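To keep things clear, I will list the structure first and then write my remarks on it.
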Amino acid sequence: MTSHERVSDEQLAEQLSYYSRRAGEYNDWWLRRGAFDQGESENAVWFHESGVALDALAALDLGDDVLELAPGTGNWSVHLAPRATRLTLVDGSVEMLAHNPAAGQPHVRTEIADLFTWDSAERFDSVVFAFWISHVPRERLASFFARVGSWLRPGGAVFFVDDLPRAVTSPHVAGVAGQTMTRRLNSGDTATIVKNFFTAGELTGAAAAAGITMSVHETGRLFQYGATVTAAGRGAG
Ligand code: SAM
(Lines give C-alpha, C1' and ligand atoms only; values in the text may rest on other atoms or scores of the structure.)
Protein backbone atom coordinates (compact mmCIF):
# COMPACT_ATOMS: atom_id res chain seq x y z
CA MET A 1 0.00 0.00 0.00
CA THR A 2 1.13 3.58 -0.41
CA SER A 3 1.31 5.99 2.49
CA HIS A 4 -1.85 7.63 1.15
CA GLU A 5 -4.00 4.54 1.47
CA ARG A 6 -6.26 4.42 4.49
CA VAL A 7 -5.86 1.64 7.00
CA SER A 8 -8.95 -0.57 7.18
CA ASP A 9 -10.74 -1.75 10.32
CA GLU A 10 -9.61 -5.29 9.44
CA GLN A 11 -5.96 -4.15 9.50
CA LEU A 12 -6.48 -2.51 12.90
CA ALA A 13 -7.99 -5.76 14.19
CA GLU A 14 -4.95 -7.66 12.87
CA GLN A 15 -2.70 -5.21 14.71
CA LEU A 16 -4.47 -5.81 18.02
CA SER A 17 -4.50 -9.56 17.51
CA TYR A 18 -0.75 -9.45 16.77
CA TYR A 19 -0.05 -7.90 20.18
CA SER A 20 -2.18 -10.51 21.94
CA ARG A 21 -0.16 -13.24 20.21
CA ARG A 22 3.11 -11.49 21.00
CA ALA A 23 2.32 -10.81 24.67
CA GLY A 24 4.54 -13.54 26.14
CA GLU A 25 7.56 -12.48 24.07
CA TYR A 26 6.94 -8.71 23.96
CA ASN A 27 9.32 -7.73 26.74
CA ASP A 28 12.29 -9.33 24.93
CA TRP A 29 12.20 -6.24 22.71
CA TRP A 30 12.24 -3.76 25.59
CA LEU A 31 14.79 -5.68 27.68
CA ARG A 32 17.04 -6.52 24.70
CA ARG A 33 16.80 -10.28 25.14
CA GLY A 34 16.99 -13.10 22.63
CA ALA A 35 16.96 -11.84 19.03
CA PHE A 36 16.94 -8.25 20.32
CA ASP A 37 20.24 -8.62 22.18
CA GLN A 38 22.57 -6.57 19.96
CA GLY A 39 25.66 -6.83 22.11
CA GLU A 40 26.93 -4.80 25.01
CA SER A 41 27.59 -1.49 23.34
CA GLU A 42 24.38 -1.35 21.26
CA ASN A 43 22.33 -2.50 24.24
CA ALA A 44 23.95 0.26 26.31
CA VAL A 45 22.79 2.83 23.75
CA TRP A 46 19.26 1.43 23.98
CA PHE A 47 19.16 1.60 27.78
CA HIS A 48 20.78 5.03 27.85
CA GLU A 49 18.30 6.46 25.36
CA SER A 50 15.28 4.84 27.01
CA GLY A 51 16.58 6.39 30.24
CA VAL A 52 16.56 9.81 28.60
CA ALA A 53 12.86 9.38 27.78
CA LEU A 54 12.12 8.05 31.27
CA ASP A 55 13.88 11.09 32.76
CA ALA A 56 11.67 13.37 30.65
CA LEU A 57 8.59 11.58 31.98
CA ALA A 58 9.94 11.93 35.52
CA ALA A 59 10.31 15.69 35.00
CA LEU A 60 6.67 16.14 33.99
CA ASP A 61 4.01 16.93 36.58
CA LEU A 62 1.41 14.25 35.89
CA GLY A 63 -1.00 15.23 38.65
CA ASP A 64 -2.95 12.61 40.59
CA ASP A 65 -5.31 11.08 38.08
CA VAL A 66 -3.40 9.53 35.18
CA LEU A 67 -4.73 7.84 32.02
CA GLU A 68 -2.35 5.52 30.17
CA LEU A 69 -3.39 4.44 26.69
CA ALA A 70 -2.14 1.11 25.27
CA PRO A 71 -0.08 0.27 28.38
CA GLY A 72 0.52 -3.33 27.29
CA THR A 73 2.93 -5.24 29.51
CA GLY A 74 3.47 -2.16 31.66
CA ASN A 75 6.99 -1.01 30.88
CA TRP A 76 5.77 2.57 31.45
CA SER A 77 2.86 1.78 33.80
CA VAL A 78 5.37 0.76 36.46
CA HIS A 79 6.76 4.30 36.40
CA LEU A 80 3.29 5.87 36.48
CA ALA A 81 1.64 3.77 39.19
CA PRO A 82 3.85 4.96 42.09
CA ARG A 83 3.23 8.61 41.11
CA ALA A 84 -0.53 8.47 40.65
CA THR A 85 -3.38 8.50 43.13
CA ARG A 86 -5.40 6.78 40.44
CA LEU A 87 -4.11 5.20 37.23
CA THR A 88 -6.44 4.09 34.45
CA LEU A 89 -5.04 1.64 31.89
CA VAL A 90 -6.88 1.18 28.59
CA ASP A 91 -5.67 -1.53 26.22
CA GLY A 92 -7.43 -3.86 23.81
CA SER A 93 -5.43 -6.94 24.74
CA VAL A 94 -6.21 -9.04 27.82
CA GLU A 95 -3.05 -11.01 27.02
CA MET A 96 -0.78 -7.93 27.09
CA LEU A 97 -2.38 -6.60 30.30
CA ALA A 98 -1.90 -10.00 31.97
CA HIS A 99 1.85 -9.20 32.00
CA ASN A 100 1.39 -5.66 33.37
CA PRO A 101 2.68 -5.48 36.96
CA ALA A 102 0.67 -2.31 37.65
CA ALA A 103 -2.66 -3.89 36.75
CA GLY A 104 -4.28 -5.26 39.87
CA GLN A 105 -2.84 -2.66 42.22
CA PRO A 106 -5.64 -1.15 44.34
CA HIS A 107 -5.44 2.31 42.78
CA VAL A 108 -5.12 1.01 39.19
CA ARG A 109 -8.18 0.40 36.99
CA THR A 110 -7.94 -1.52 33.75
CA GLU A 111 -10.30 -1.26 30.81
CA ILE A 112 -10.18 -3.65 27.88
CA ALA A 113 -11.25 -1.53 24.93
CA ASP A 114 -10.52 -0.62 21.34
CA LEU A 115 -8.74 2.72 21.47
CA PHE A 116 -10.07 3.67 18.05
CA THR A 117 -13.62 3.72 19.49
CA TRP A 118 -13.15 4.01 23.29
CA ASP A 119 -14.30 7.22 24.88
CA SER A 120 -14.75 8.51 28.39
CA ALA A 121 -16.73 11.30 29.99
CA GLU A 122 -14.05 11.47 32.69
CA ARG A 123 -11.28 14.02 32.69
CA PHE A 124 -7.71 13.20 33.73
CA ASP A 125 -4.76 15.23 34.98
CA SER A 126 -2.54 13.60 32.38
CA VAL A 127 -2.62 11.23 29.42
CA VAL A 128 0.42 9.05 28.63
CA PHE A 129 1.00 6.73 25.65
CA ALA A 130 4.22 4.84 25.01
CA PHE A 131 4.91 3.17 21.67
CA TRP A 132 1.32 3.78 20.61
CA ILE A 133 1.27 6.84 18.36
CA SER A 134 3.28 5.02 15.66
CA HIS A 135 0.42 2.50 15.49
CA VAL A 136 -2.20 5.16 14.77
CA PRO A 137 -3.05 5.48 11.08
CA ARG A 138 -2.02 8.80 9.57
CA GLU A 139 -5.63 9.66 8.69
CA ARG A 140 -6.62 9.17 12.36
CA LEU A 141 -3.83 11.25 13.91
CA ALA A 142 -5.87 14.47 14.21
CA SER A 143 -8.93 12.74 15.65
CA PHE A 144 -6.74 10.78 18.07
CA PHE A 145 -5.21 13.96 19.48
CA ALA A 146 -8.64 15.62 19.56
CA ARG A 147 -9.86 12.79 21.78
CA VAL A 148 -6.77 13.02 24.00
CA GLY A 149 -7.55 16.74 24.40
CA SER A 150 -11.13 15.92 25.37
CA TRP A 151 -9.93 13.57 28.15
CA LEU A 152 -7.66 16.18 29.76
CA ARG A 153 -8.58 18.52 32.55
CA PRO A 154 -7.67 22.15 31.84
CA GLY A 155 -3.92 22.44 32.30
CA GLY A 156 -3.43 18.70 31.99
CA ALA A 157 -0.22 17.08 30.81
CA VAL A 158 0.52 14.75 27.90
CA PHE A 159 3.57 12.54 27.44
CA PHE A 160 4.37 10.11 24.67
CA VAL A 161 7.40 8.16 23.52
CA ASP A 162 7.93 6.13 20.38
CA ASP A 163 10.43 4.77 17.89
CA LEU A 164 12.51 6.78 15.47
CA PRO A 165 12.66 5.34 11.91
CA ARG A 166 15.74 3.27 12.71
CA ALA A 167 13.24 0.77 14.19
CA VAL A 168 12.70 -0.62 10.67
CA THR A 169 15.98 -2.52 11.15
CA SER A 170 14.65 -4.38 14.21
CA PRO A 171 14.97 -8.19 13.95
CA HIS A 172 11.20 -8.80 14.11
CA VAL A 173 10.53 -6.66 11.03
CA ALA A 174 9.77 -8.73 7.93
CA GLY A 175 8.84 -5.84 5.62
CA VAL A 176 7.48 -2.31 5.36
CA ALA A 177 4.95 -0.86 2.93
CA GLY A 178 3.36 2.56 3.25
CA GLN A 179 1.83 2.86 6.71
CA THR A 180 2.24 -0.82 7.42
CA MET A 181 4.97 -3.10 8.71
CA THR A 182 5.01 -6.88 8.68
CA ARG A 183 6.24 -8.41 11.92
CA ARG A 184 7.50 -11.91 12.64
CA LEU A 185 6.66 -13.72 15.88
CA ASN A 186 8.95 -16.30 17.53
CA SER A 187 6.66 -18.99 16.09
CA GLY A 188 7.58 -17.81 12.58
CA ASP A 189 4.05 -16.53 11.96
CA THR A 190 3.77 -13.04 10.55
CA ALA A 191 1.23 -10.25 10.99
CA THR A 192 0.84 -6.82 9.46
CA ILE A 193 0.50 -3.79 11.72
CA VAL A 194 0.48 -0.01 11.32
CA LYS A 195 3.85 1.67 11.84
CA ASN A 196 4.15 5.38 11.16
CA PHE A 197 7.13 7.58 11.94
CA PHE A 198 5.52 10.97 12.39
CA THR A 199 7.70 14.05 12.27
CA ALA A 200 7.90 16.37 15.25
CA GLY A 201 5.97 18.95 13.22
CA GLU A 202 3.17 16.51 12.41
CA LEU A 203 2.82 15.59 16.08
CA THR A 204 3.01 19.09 17.51
CA GLY A 205 0.61 20.28 14.79
CA ALA A 206 -1.98 17.60 15.54
CA ALA A 207 -1.61 18.26 19.27
CA ALA A 208 -1.92 22.03 18.82
CA ALA A 209 -5.12 21.60 16.81
CA ALA A 210 -6.47 19.76 19.87
CA GLY A 211 -5.42 22.56 22.21
CA ILE A 212 -2.33 20.70 23.47
CA THR A 213 1.00 22.52 23.27
CA MET A 214 3.82 20.00 23.12
CA SER A 215 7.49 19.92 22.36
CA VAL A 216 8.92 16.84 20.67
CA HIS A 217 12.49 15.64 21.16
CA GLU A 218 14.79 12.84 20.06
CA THR A 219 16.87 10.82 22.51
CA GLY A 220 19.63 10.35 19.93
CA ARG A 221 19.23 7.49 17.46
CA LEU A 222 16.36 5.46 18.81
CA PHE A 223 13.44 7.27 20.38
CA GLN A 224 11.22 10.28 19.99
CA TYR A 225 9.25 11.70 22.91
CA GLY A 226 6.92 14.58 23.50
CA ALA A 227 5.67 16.44 26.52
CA THR A 228 3.34 19.34 27.13
CA VAL A 229 5.16 22.58 27.70
CA THR A 230 2.76 25.42 28.37
CA ALA A 231 -0.23 23.91 30.16
CA ALA A 232 -1.13 26.21 33.03
CA GLY A 233 0.16 24.94 36.31
CA ARG A 234 1.80 21.88 34.85
CA GLY A 235 4.35 21.07 32.20
CA ALA A 236 7.75 19.75 31.46
CA GLY A 237 10.76 21.60 32.70
N1 SAM B 1 2.82 0.96 25.98
C2 SAM B 1 3.43 -0.34 26.00
C3 SAM B 1 4.92 -0.21 25.89
O4 SAM B 1 5.42 0.90 25.78
O5 SAM B 1 5.62 -1.23 25.92
C6 SAM B 1 2.85 -1.25 24.89
C7 SAM B 1 3.00 -0.71 23.49
S8 SAM B 1 2.63 -1.96 22.27
C9 SAM B 1 3.70 -1.44 20.97
C10 SAM B 1 1.06 -1.48 21.62
C11 SAM B 1 -0.09 -1.76 22.56
O12 SAM B 1 -1.28 -1.32 21.91
C13 SAM B 1 -0.32 -3.23 22.90
O14 SAM B 1 -0.44 -3.38 24.29
C15 SAM B 1 -1.63 -3.58 22.20
O16 SAM B 1 -2.39 -4.54 22.90
C17 SAM B 1 -2.32 -2.24 22.16
N18 SAM B 1 -3.29 -2.11 21.08
C19 SAM B 1 -3.12 -2.40 19.77
N20 SAM B 1 -4.23 -2.07 19.09
C21 SAM B 1 -5.13 -1.60 19.99
C22 SAM B 1 -6.45 -1.11 19.90
N23 SAM B 1 -7.10 -1.01 18.72
N24 SAM B 1 -7.06 -0.71 21.03
C25 SAM B 1 -6.44 -0.77 22.23
N26 SAM B 1 -5.18 -1.22 22.37
C27 SAM B 1 -4.53 -1.62 21.27
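Every condition in (1) exposed (fewer than 14 other Cβ atoms within 10 Å of the Cβ); (2) in contact (Cβ under 8 Å) with a residue 40 or more places away in the chain; (3) not in a helix (DSSP H, G or I) is met by Arg166 except one, and the failing one is (3). The requirement of being within 15 Å of Gln15 (Cβ to Cβ), open to solvent by 40 Å² or more (accessible area, probe 1.4 Å), among the charged types (D, E, K, R) and over 16 Å from the mean Cα position of the chain (by Cα) is fulfilled somewhere in segment 188-199, by at least one residue.
Identify, please: which residue in segment 31-47 is open to solvent by 70 Å² or more (accessible area, probe 1.4 Å) and more than 17 Å from the chain's Cα centre (by Cα) and is, among those, nearest to Gly220 (Cα to Cα)? Here the residue is Phe47. Selection of segment 119-156 for residues being open to solvent by less than 50 Å² (accessible area, probe 1.4 Å) and within 12 Å of the ligand (Cβ to nearest atom) yields Val128, Phe129, Ala130, Phe131, Trp132, Ile133, Ser134, His135, Val136, Pro137, Phe144. Pro71 passes every criterion in (1) under 26 Å from Ala227 (Cα atoms); (2) away from the ligand (no atom under 15 Å from the Cβ) apart from (2).
Note on segment 4-25: residues that are of a type in the set (S, T, N, Q), assigned to a helix (DSSP H, G or I) and open to solvent by less than 50 Å² (accessible area, probe 1.4 Å) amount to 2. Is at least one residue of segment 225-235 free of Cβ contacts under 8 Å to residues at least 40 places away in the same chain and part of a helix (DSSP H, G or I)? Checked segment 225-235: no residue is free of Cβ contacts under 8 Å to residues at least 40 places away in the same chain and part of a helix (DSSP H, G or I). One residue stands out in segment 106-118 among those that are of a type outside the set (Val, Ile, Thr) and open to solvent by 70 Å² or more (accessible area, probe 1.4 Å): the one that is nearest to the ligand (Cβ to nearest atom), namely Asp114. Checked against the criterion of being part of a loop (DSSP other than H, G, I, E, B) and either within 16 Å of the ligand (Cβ to nearest atom) or open to solvent by 20 Å² or more (accessible area, probe 1.4 Å) (or both), the candidates Asp28, Asp61 yield just one match: Asp61. For the criterion of being more than 12 Å from the ligand (Cβ to nearest atom) and out of contact with any Phe, Trp or Tyr (no Cβ under 7 Å at 6 or more places or on another chain), Glu42 passes. Of all the residues in segment 78-93, those that are near the ligand (Cβ under 8 Å from one of its atoms) and either not in a strand (DSSP E or B) or not hydrophobic (A, V, I, L, M, F, W, C) (or both) number 3. Out of all the residues in segment 133-150, is one or more more than 16 Å from the chain's Cα centre (by Cα) and either in a strand (DSSP E or B) or on the phi > 0 side of the Ramachandran plot (or both)? The answer is no, given that none of the residues of segment 133-150 is more than 16 Å from the chain's Cα centre (by Cα) and either in a strand (DSSP E or B) or on the phi > 0 side of the Ramachandran plot (or both).
For segment 98-105, the criterion of being at pLDDT 95 or above, open to solvent by less than 20 Å² (accessible area, probe 1.4 Å) and within 10 Å of the ligand (Cβ to nearest atom) is met by at least one residue. For segment 9-24, the count of residues that are within 16 Å of Phe159 (Cα to Cα), within 11 Å of the ligand (Cβ to nearest atom), among the acidic types (Asp, Glu) and touching a residue at least 40 places away in the same chain (Cβ under 8 Å) is zero.
Where residues in segment 35-47 are without any contact (Cβ under 8 Å) to a residue 60 or more places away in the chain and in a helix (DSSP H, G or I), which of them is farthest from Met214 (Cα to Cα)? Residue satisfying both the conditions and the ranking: Glu40.
The values are calculated or read from the model by the stated rules, or taken from the named source; none is laboratory data. Keep in mind the model is a prediction, meaning the values are calculated, not measured. Note that we place each Cβ from the backbone using ideal geometry, even for glycine, and neighbour counts take in every protein chain shown. Side chains included, ligands, DNA and RNA excluded: accessible areas come from the protein's heavy atoms. Shrake-Rupley method; radii C 1.70, N 1.55, O 1.52, S 1.80 Å.
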